[in-house]
Structures are given as structure tokens and as C-alpha cells.
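Peer 1: Mind looking over this structure? Questions follow.
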Amino acid sequence: MGSLPLKKLVSFLTSELGLSEFPRDESANGLQVEGSRSVRKIGLAVDACDYVFNKAAEQQVDFLLVHHGLVWGGIRAVTGILRKRIKLLLDHDISLYACHLPLDWHPEYGNNAQLRSLLGLSRAGEFGEYHGKRIGCHGRLNKEMALNDFILRVDKRLGTTSRSIDFGRKVKNVGIVSGGGWSALYDAECHDIDTFLTGEPSHSAYTLAEELKINLIFAGHYATETAGVRAVGAMLTKKFPIETAFIDHPTGL
């Protein structure tokens, strides 16, 4: 395997992943920590944390792309856990690159587009407005299914154990917003969605879904947000002669 200049990789990712589409994202999308100027191995993970950083160092990763980075709304002080995390990266010359909302939204590599494909849904359109962009999607099954049967499909293909609330409808038109996207339910009525899939459960989602008669599936924040970084890794392997590795650290949440 070869190597790649850090600046070239950062420039490519920033353009390819559409970071400019989300100027108001709280995450500091892009390069957050600068490590080696030459990239020989790329690691991909959902969360920037001690476990992932140590695994990256063990696997000799020198560029780590994550969905949830270290910098949210700026840095006021590099102390405590933040100091420890940044030091770990710098000690091993590992660059950290974050891609938050753009990796939920992206029509090809995004978490939601990937979930739609994994679940065998044909593309019906965009869904779930947030910061002026529809970051989710909705898709249709060829034939309607009972909710329990569809949940079995979700759990098998995502390797998760979903929680669900059945409001009496068969599954045909599914809205998807990964992670903590329950508020996208407000868009569901406009798209005739019968079932809504997201990551985290929310008390506020219940009564809204009850009134709209939309089934709820909570498949786990982590489980709904691994597909995007995996897809980016597969794309980079095809684009550049460089090794990639997915670092799995499931939370069960």
C-alpha cells in the first residue's frame, strides 16, 4: 500500500463529503487535530474517544475519520479529558477529521442513504429538515410488511436490538433519520410515512407519533451511525492505494 499527503486527503474529503453544505453545524467539521503530514493508513469510527484512539495507535493508523469529533462549538480550554485525548493523538502523530451532519445527509455515503439501502427500500425522497437541509430520507418497500417482521430485518442487518412502538399500521413508506433525529417526525405527515426509524428514543416523540399514527423504531444511536463511516472507508479504498480500517466501539445505546 502507498501513502497520501495529508493536505490532499483533507481537501478531497472536504469537497467529496460536502462540508460547505452545513456552515451552522455545531461540530467543527474537517481537520480537528493535525498529525502526520503523510497518511499511510486511515481509521474510521463513530466516536472520538480514548478507546478508539488507542485502537488506532495499535493498528498504526495515522488519519482517523469520525462522525462525532472532539470540537463542538469551539474550545475554551485544553484541560482534563480533552487534554488527555488530544495528547494521545499527538503522541502517536494521528490526525483527527470529523464529519457530523454532512455524513448524516450525504446522498451516497450518508448514514441515512446507507440505512435505506441496507434495509432494501427504494428511494422516495429527502426527509427531516434540520439547519435548513433535509438530512434524512424516506424509502418504500416493494410490498408492505408487518411491523414485527420489518423490525427483525432492521435488527439483523444493523446488528442491533431495536425498541419499537406500534401504532397499528403496516410498514410500506419508511422515514429515516439516524442518531437522535426524532424531531423529523414533524415532516412525516407531509410524506405519508407510516413508520419512522431513528436511533434514540424520546419521550416527546410518543404523543406526536400517536396522533399521526406513525410506528416508531429506535434502533440505537450507534447502530444507525456506523454505515456512513464504513461507506466512506470503502470509497477511499477504491479511490486511493491506501489501507483503511473500521474501529468498532458499540455503546448499545
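Peer 1: Where the second residue is assigned to a loop (DSSP other than H, G, I, E, B) and surrounded by fewer than 18 Cβ atoms within 10 Å (Cβ to Cβ) and the first is touching a residue at least 40 places away in the same chain (Cβ under 8 Å) and in the same structural domain as residue 115 (by TED's automatic domain parsing) and lies in the stretch 188-211, which pairs have Cβ atoms under 6 Å and are six or more apart or on separate chains?
Peer 2: From the stretch 188-211, the pairs are 200/180.
Peer 1: Quick check on my filter: what residues within the stretch 242-253 are buried (at least 20 other Cβ atoms within 10 Å of the Cβ) and either small (Gly, Ala, Ser) or under 17 Å from the mean Cα position of the chain (by Cα) (or both)?
Peer 2: Result: 247, single match.
Peer 1: All but one of (1) under 17 Å from residue 216 (Cα atoms); (2) at pLDDT 95 or above; (3) in a strand (DSSP E or B) hold for residue 115; which doesn't?
Peer 2: The one condition residue 115 does not meet is (3).
Peer 1: Would you confirm, using the coordinates I've provided, whether residue 252 is outside any helix (DSSP H, G or I), at pLDDT below 95 and more than 20 Å from residue 99 (Cβ to Cβ)?
Peer 2: yes
Peer 1: Could you tell me whether any residue of the stretch 31-51 is under 21 Å from the mean Cα position of the chain (by Cα), closer than 15 Å to residue 104 by Cα and among the polar types (S, T, N, Q)?
Peer 2: For the stretch 31-51, residues under 21 Å from the mean Cα position of the chain (by Cα), closer than 15 Å to residue 104 by Cα and among the polar types (S, T, N, Q): absent.
Peer 1: Condition first: buried (at least 18 other Cβ atoms within 10 Å of the Cβ) and part of a loop (DSSP other than H, G, I, E, B). Now tell me which residues in the stretch 228-241 satisfy that.
Peer 2: Listed by number, the list holds a single entry, 240.
Peer 1: When you go through (1) crowded, with 23+ Cβ neighbours inside 10 Å; (2) under 16 Å from the mean Cα position of the chain (by Cα); (3) at pLDDT 95 or above one by one for residue 182, which number turns out not to apply?
Peer 2: Here residue 182 meets the rest and fails (3).
Peer 1: Do any helices (runs of 4 or more DSSP H) lying entirely in the stretch 1-106 carry at least 1 residues that are in contact (Cβ under 8 Å) with a residue 12 or more places away in the chain and closer than 21 Å to residue 181 by Cα, and which ones are they?
Peer 2: 101-105
Peer 1: I've got another one for you. List, please: which pairs have Cβ atoms under 7 Å, are six or more places apart or on different chains, and start with a residue in the stretch 172-186 that is of a type in the set (Ser, Thr, Tyr) and end with one that is part of a helix (DSSP H, G or I) and crowded, with 23+ Cβ neighbours inside 10 Å?
Peer 2: Hits for this filter: 178/104; 178/111; 178/112; 178/115; 178/224; 178/225.
Peer 1: Kindly establish whether residue 81 is closer than 26 Å to residue 221 by Cα and surrounded by fewer than 13 Cβ atoms within 10 Å (Cβ to Cβ).
Peer 2: yes
The values are calculated or read from the model by the stated rules, or taken from the named source; none is laboratory data. Computed from a predicted model, the values in this text were never measured in an experiment. Glycine gets a Cβ as well: all are built from the backbone with ideal geometry, and neighbour counts include every protein chain shown.
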